[in-house]
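Here the structure is laid out as structure tokens; the discussion comes afterwards.
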Amino acid sequence: MKIIVTGGAGFIGSHLVKRLLNLGHEVVLIDNFSSGNRDNVPPGTNCMEIDLSETDFITKLPNGNYDAVCHLAAQSAGALSAANPLYDLQTNAMSTLLLSRWCIDQGISRFLYASSMVAYGNSDKSPVSEDELCVPRSYYGVSKLTSEHLLRLAGVDGLNVTCFRMFSVYGPGQDLGNVKQGMVSIFLSYMLRGVEVPVTGSLERFRDFVYVEDVVDAWVSALDMPHTPKQSYNVGSGHGTSVRDLLSSLISALNLSSDYPIRELEGNLSDQFGLYADISNTVHDLGWQPQTSLDDGLRLMVDWARTEYNDQG
Ligand SMILES: NC(=O)c1ccc[n+]([C@@H]2O[C@H](COP(=O)([O-])OP(=O)(O)OC[C@H]3O[C@@H](n4cnc5c(N)ncnc54)[C@H](O)[C@@H]3O)[C@@H](O)[C@H]2O)c1
């Protein structure tokens, strides 16, 4: 297949690009490198530097008969979305609108979208299913849910859309230098530097941590289908883990002392208290199963991070 991957230089996108290339697909990677990394672009990959927050970006898109677009490019740091909601809307939702209409004009039939569990807001129903009412609490969450609705309308015009409401994705390649994005990578980066870990919000909050290669499995399974029975699918482990337990698991994966310094700070109002995924639709419709336990995934991430950290001196 010929596939466009936006955000392909980012954490999840780069894992997806590598998998697609290994499977023999032809990939065009689009990124503006705002949070992505040029080292994430495999040598020889067709890579285009395009900013999807610009209103005329479709004029720069490549010509060619593409089979699918995987749209992962987004600004996803909660603090940045609160500070600049307009940019968040442009880079996350407007980009989805323009890209989906471009696909319809170009006759590209398949569109996969990186949505998020933040779309649910503070639902107290865990495991949460895709049918739950979505009331996002952050501008970032609104931009993700808005994108899903824009894609629903594109679906009426014939685009075959699948949205993944991904939960907390972690794994090798997550940016350890960015302490605004990614709970596991943030905590890990503090611990690797041997400094106190500031935790914004209660240690009793919980998340559903899902390993990045398991996430890629879901994307690839959906790409193999011309369309999916539902538009939106949860991609999580199906288990909740408290922030406290995550910190203990990281401490033991790094062989640190059990009294490693952690400081609980006041949380953000827009933060979700806790949610984990009902993955039954994803398992049933995509034939998908997460394969990696949190302990195994953290070990793999810590091994990678140690090499990365040592390499950076
Ligand atoms: N990491 C998670 O836990 C998680 C969970 C749910 C959803 N998501 C979504 O998955 C996608 C990928 O997340 P990630 O963790 O890999 O983040 P990331 O920041 O590592 O990747 C995003 C990529 O998009 C690029 N990008 C951002 N704005 C752009 C623009 N205007 N034009 C072109 N490229 C742009 C960045 O440079 C980066 O390479 C995002 O859409 C994010 O909202 C992530």
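With (1) under 25 Å from G177 (Cβ atoms); (2) part of a helix (DSSP H, G or I); (3) of a type in the set (V, I, T); (4) open to solvent by 20 Å² or more (accessible area, probe 1.4 Å) as the list, and V283 as the residue in question, which single condition is left unmet?
Status for V283: all satisfied but (1).
Could you list, in sequence order, all residues of segment 49-60 that are surrounded by fewer than 15 Cβ atoms within 10 Å (Cβ to Cβ) and within 10 Å of the ligand (Cβ to nearest atom)? Steps first, please.
First, pick out the residues of segment 49-60 that are surrounded by fewer than 15 Cβ atoms within 10 Å (Cβ to Cβ): 49, 55-56, 59-60.
The answer is E49, and nothing else.
Output the residues belonging to segment 154-187 that are within 19 Å of M117 (Cβ to Cβ), near the ligand (Cβ under 9 Å from one of its atoms) and open to solvent by 10 Å² or more (accessible area, probe 1.4 Å).
R165, M166, F167, S168, V169, Q174, Q181, G182, M183
Let me confirm something: among G13, G24, which residue is more than 10 Å from the ligand (Cβ to nearest atom), over 19 Å from R101 (Cα atoms) and of a type in the set (G, A, S)?
Values: G13 fails: more than 10 Å from the ligand (Cβ to nearest atom).
Testing whether each residue is more than 10 Å from the ligand (Cβ to nearest atom), over 19 Å from R101 (Cα atoms) and of a type in the set (G, A, S) leaves just G24.
What number goes with the only condition from (1) under 18 Å from N281 (Cα atoms); (2) surrounded by fewer than 20 Cβ atoms within 10 Å (Cβ to Cβ) that E148 does not pass?
(2)
Could you list all residues from segment 198-233 that are part of a strand (DSSP E or B), among the β-branched types (V, I, T) and either in contact with a Leu (Cβ under 6 Å, 6 or more places away or on another chain) or surrounded by fewer than 19 Cβ atoms within 10 Å (Cβ to Cβ) (or both)? Give the derivation first.
Filtering segment 198-233 down to residues part of a strand (DSSP E or B) leaves 198-200, 206-207, 209-211, 232-233.
Now drop any that are not among the β-branched types (V, I, T), which leaves 199-200, 210.
Hit for segment 198-233 is T200, nothing else.
Taking segment 34-44, which residues are surrounded by fewer than 17 Cβ atoms within 10 Å (Cβ to Cβ) and either aliphatic (A, V, I, L, M) or over 20 Å from the mean Cα position of the chain (by Cα) (or both)? Break it down stepwise before answering.
Within segment 34-44, the first condition is being surrounded by fewer than 17 Cβ atoms within 10 Å (Cβ to Cβ), and the residues that meet it are 34, 37-39, 42-44.
P43, G44 - these are the residues of segment 34-44 that are surrounded by fewer than 17 Cβ atoms within 10 Å (Cβ to Cβ) and either aliphatic (A, V, I, L, M) or over 20 Å from the mean Cα position of the chain (by Cα) (or both).
Are there any pairs with C-beta distances below 7 angstrom linking a residue in segment 119-133 that is in a loop (DSSP other than H, G, I, E, B) to a residue that is acidic (D, E), with the two at least 6 apart or on different chains, and if so which?
Going by the 7 Å Cβ cut-off, the qualifying pairs are S123/E132; K125/E132; P127/D278; S129/D278.
The values are calculated or read from the model by the stated rules, or taken from the named source; none is laboratory data. Just so we're clear, the structure is a prediction, and the values are computed from it rather than from any experiment. Because the Cβ atoms are built from the backbone with ideal geometry, glycine has one as well, and the counts that use them run over all protein chains shown. These area figures cover heavy atoms from the full protein model, side chains too; ligands, DNA and RNA do not enter into them. Shrake-Rupley method; radii C 1.70, N 1.55, O 1.52, S 1.80 Å.
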